[in-house]
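Asker: Before I ask anything, here is the structure I am working with.
The values are calculated or read from the model by the stated rules, or taken from the named source; none is laboratory data. All values reported here derive from a predicted model rather than from experimental measurement. Neighbour counts are summed over all protein chains in view; Cβ atoms, including those assigned to glycine, are modelled from backbone coordinates with ideal geometry. For the accessible areas, the whole protein counts, side chains as well, though only heavy atoms, and no ligand, DNA or RNA atoms are used. Shrake-Rupley method; radii C 1.70, N 1.55, O 1.52, S 1.80 Å.
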Amino acid sequence: MPFRLLVCCLSLLFLAACGPVEDTRPGRPVAQRQQAFREILHAFEPMGLQLRENRYQPDAFLQYAQSLDALKEVPWPHFGPESNYPPSRSANSIWESPAGFAQERARFVEAASRLAAAAASRREADVRAAHDALQESCRACHKRFRR
């Protein structure tokens, strides 16, 4: 029995040591961009939920869309060749294809602006189309530039 307890304790200790890698570099660029994307996601998810569950609430949706629009430029300054280290989930293709990454970034920024404009119109059909375009922008960038 003591052997099992020892093995169990060592296993737990090993698992605890394998936790997430912390960004300790000066300026913490990886942590800052991850935080910015989390904030964007916190605005984006409730909008998608409203649309998926057919519970569109124009006023609430507009607030989320405006929040996302205000955050759309925040993550991008924190990308750079010096920020390609764990815990980054960025693919090397970001630095191998900076023009492609800039194009995807511009597509996201434009889609976020269009979503905010559509939300201001309060027309659900326009909101759905703009939301879908923004979601596709995210998917395309993740497919190409995220590990």
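Asker: Scan around SER90 for amide H atoms under 5 Å from its own, H built in the peptide plane at 1.01 Å from N, and keep only partners 5 or more places away or cross-chain.
Answerer: Amide H neighbours of SER90, under 5 Å, 5+ apart: ARG147.
Asker: Follow-up question, since we're still on this one. Normalised by the residues of the chain, what does the relative contact order come to in percent, with Cα pairs under 8 Å and at least six apart?
Answerer: On the way: 121 pairs, mean separation 37.0, N = 147.
Answer for the chain is 25 percent.
Asker: Let me ask something additional. Per residue, how much accessible area does the chain show when a 1.4 Å probe rolls over the protein heavy atoms, in square angstrom?
Answerer: Numbers: 9330 Å² over 147 residues.
Result: 63 Å² of accessible area for each residue.
Asker: How much net charge surrounds ASN84 when only the other residues with a Cβ under 13 Å from the Cβ of ASN84 are counted, with Lys and Arg +1 and Asp and Glu -1? Walk me through the numbers before you get to the answer.
Answerer: Working: positive: ARG25, ARG33, ARG89, ARG146, ARG147; negative: ASP23, GLU82, GLU96.
Local charge sum for ASN84: +2.
Asker: Summing -39500 (n - 2.57) over the DSSP H runs of n ≥ 4 in the chain and dividing by its residue number, what mean residue ellipticity at 222 nm do you reach, to the nearest 500 deg cm²/dmol?
Answerer: Numbers: 6 runs with 104 residues, N = 147.
About -24000 deg cm²/dmol.
Asker: Taking all protein chains in place and a 1.4 Å probe, what share, in percent, of the accessible surface of region 26-147 do carbon and sulfur account for? Each step should come with its number before you reach the end.
Answerer: Numbers: 3560 of 6830 Å².
On region 26-147, the fraction of accessible area on carbon and sulfur atoms equals 52 percent.
Asker: Would you give the gap between the C-alpha center of region 124-147 and the C-alpha center of region 38-92, rounded to a whole Å?
Answerer: Going from one Cα centre to the other spans 11 Å.
Asker: Same structure again: What is the local net charge at ARG139, summed over the other residues whose Cβ is closer than 13 Å to its Cβ (Lys, Arg +1; Asp, Glu -1)?
Answerer: Working: positive: ARG107, LYS143, ARG144, ARG146; negative: GLU104, ASP132, GLU136.
After counting each charged neighbour, the total is +1.
Asker: GNM on the chain, C-alpha springs below 10 Å: top fluctuator among ARG122, ARG25, ARG105?
Answerer: Answer for the Gaussian network model of the chain: ARG25.
Asker: Could you work out the percent of alpha carbon pairs in the chain separated by over 26 Å, rounded to a whole number?
Answerer: On the way: 4308 of 10731 pairs.
Considering the chain, 40 percent of its Cα-Cα pairs are separated by more than 26 Å.
Asker: Near the amide H of VAL74, under 5 Å away, which other amide H atoms are found, from residues 5 or more places off or on another chain, if H is placed in the peptide plane?
Answerer: It is none; the list stays empty.
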